[in-house]
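Data block below; observations after.
What follows is calculated from the coordinates using simple rules that are stated; it is not laboratory data. What you see is a predicted model, and the numbers here were worked out from it, not measured in a lab. For neighbour counting, all protein chains shown are included, and Cβ atoms are generated from backbone atoms with ideal geometry for every residue, glycine included.
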Amino acid sequence: MAFQLPDLPYAFDALEPYVDARTMEIHHDKHHAAYTNNLNAAIAGTALESQSIEQILANVSQHSAAIRNNGGGYYNHNLFWEVMSPNGGGEPSSQMNISKAIDRDFGSFDEFKKQFSAAAATRFGSGWAWLCTDGDDKLFITSTPNQDNPLMDIADKKGTPVLGLDVWEHAYYLNYQNRRPDYVSAFFNVINWQEVTRRYNEANVGAMKV
Ligand code: MN3
């Protein structure tokens with residue numbers, strides 16, 4: 001069963017003015033499609049065809065560079081589209097577990113925003129910034145190069161991503177050119193906190209402490 005490119009959950013222009021329609025179209029239809037097709041080509045005829053993407057990433061040190069790069073690219077963009085929404089942005093409702101956990105683990109939403117933005121701004125070259133949970137309810141921020149992510153056994157800090165931000169130039173260059181910090185700031189206007197808290201709850205079943 002080959003991996004499928006998911007449809008975007010909104011129109012290409014739905015996140016304007018924060019993310020422009022042309023960027024969304026190329027990013028989804030070209031970049032994400034290529035990761036998906038290249039992943040399928042890399043696992044064709046192997047036992048990995050019957051594994052989930054999470055299983056493949058958890059043992060990625062045993063696989064080829066093509067599987068690491070394209071498997072990561074496939075998973076990361078699946079998450080990325082879902083953690084943005086035209087109805088998103090602002091701070092998570094204080095009723096959401098993710099809001100309570102952010103206050104507990106970072107002190108305040110503003111402090112979380114500062115640390116996440118710094119992780120995104122300082123990731124050298126191409127990569128991702130992540131808000132993750134460790135499976136024992138705790139949140140942490142990390143970043144990864146290229147299409148790596150914290151599910152991979154080769155990651156410096158391993159965990160389950162609940163929010164991710166693509167800081168490859170292909171994600172922002174048409175609209176923001178070299179101004180990555182402006183793109184990172186704009187991202188906070190489209191974060192889908194309903195989805196982030198859903199992922200946080202799902203990753204901590206049986207371990208929730210908030
Ligand atoms: Mn990308």
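Below, the figures for the structure above:
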{"quantity": "Subset of LYS114/LYS157; LYS30/LYS158; LYS30/LYS114; LYS30/LYS157 violating a 25 Å alpha-carbon distance limit", "calculated": "LYS30/LYS158; LYS30/LYS114; LYS30/LYS157"}
{"quantity": "FRET E, pair GLU111, HIS63, Förster distance 25 Å, beta-carbon r, rounded to 0.05", "calculated": "0.10"}
{"quantity": "Cβ-based net charge around ASN175, under 15 Å, with every Lys or Arg adding one and every Asp or Glu removing one", "calculated": "-4"}
{"quantity": "Gain in span if fully extended, ALA34 to ALA2, counting 0.36 nm per residue against the direct Cα distance", "calculated": "10.2 nm"}
{"quantity": "Contour excess over end-to-end distance, with Cα ends at SER93 and LYS158 and 0.36 nm allotted per residue", "calculated": "20.7 nm"}
{"quantity": "ALA207 versus ALA11: modelled label distance in nm, points set 7 Å from Cα along the beta carbon direction", "calculated": "4.1"}
{"quantity": "Pairwise label distance in nanometres, ASP103 with LEU174, each label 7 Å out on the Cα-Cβ vector", "calculated": "4.0"}
{"quantity": "Summed side-chain charge close to SER94 - residues other than SER94 whose Cβ falls under 13 Å, Lys, Arg +1, Asp, Glu -1", "calculated": "0"}
{"quantity": "Cβ-based exposure ranking for LEU151, LEU48, in which fewest neighbours within 10 Å come first", "calculated": "LEU48, LEU151"}
{"quantity": "Cα gyration tensor shape of segment 1-101, rounded if a/c is under 1.5, else prolate or oblate by comparing a/b with b/c", "calculated": "oblate"}
{"quantity": "Within the chain, helix-based [θ] at 222 nm, where runs of 4 or more DSSP H residues each add -39,500 (n - 2.57), nearest 500", "calculated": "-12000 deg cm²/dmol"}
{"quantity": "The chain, relative contact order in percent, only Cα pairs under 8 angstrom and at least six apart counted", "calculated": "25"}
{"quantity": "Nonlocal amide H pairs with GLY89, under 5 Å, H built at 1.01 Å", "calculated": "VAL190, ILE191, ASN192, TRP193"}
{"quantity": "Around GLY206: net Lys/Arg minus Asp/Glu count, Cβ-Cβ under 15 Å", "calculated": "-2"}
{"quantity": "Stretchable slack from ASP20 to THR46, in nm (0.36 nm times residue separation minus alpha-carbon distance)", "calculated": "5.5 nm"}
{"quantity": "Zero-based 5 Å bins, Cα pair distances in the chain, whole percents", "calculated": "1, 7, 15, 20, 20, 17, 12, 6, 1, 0"}
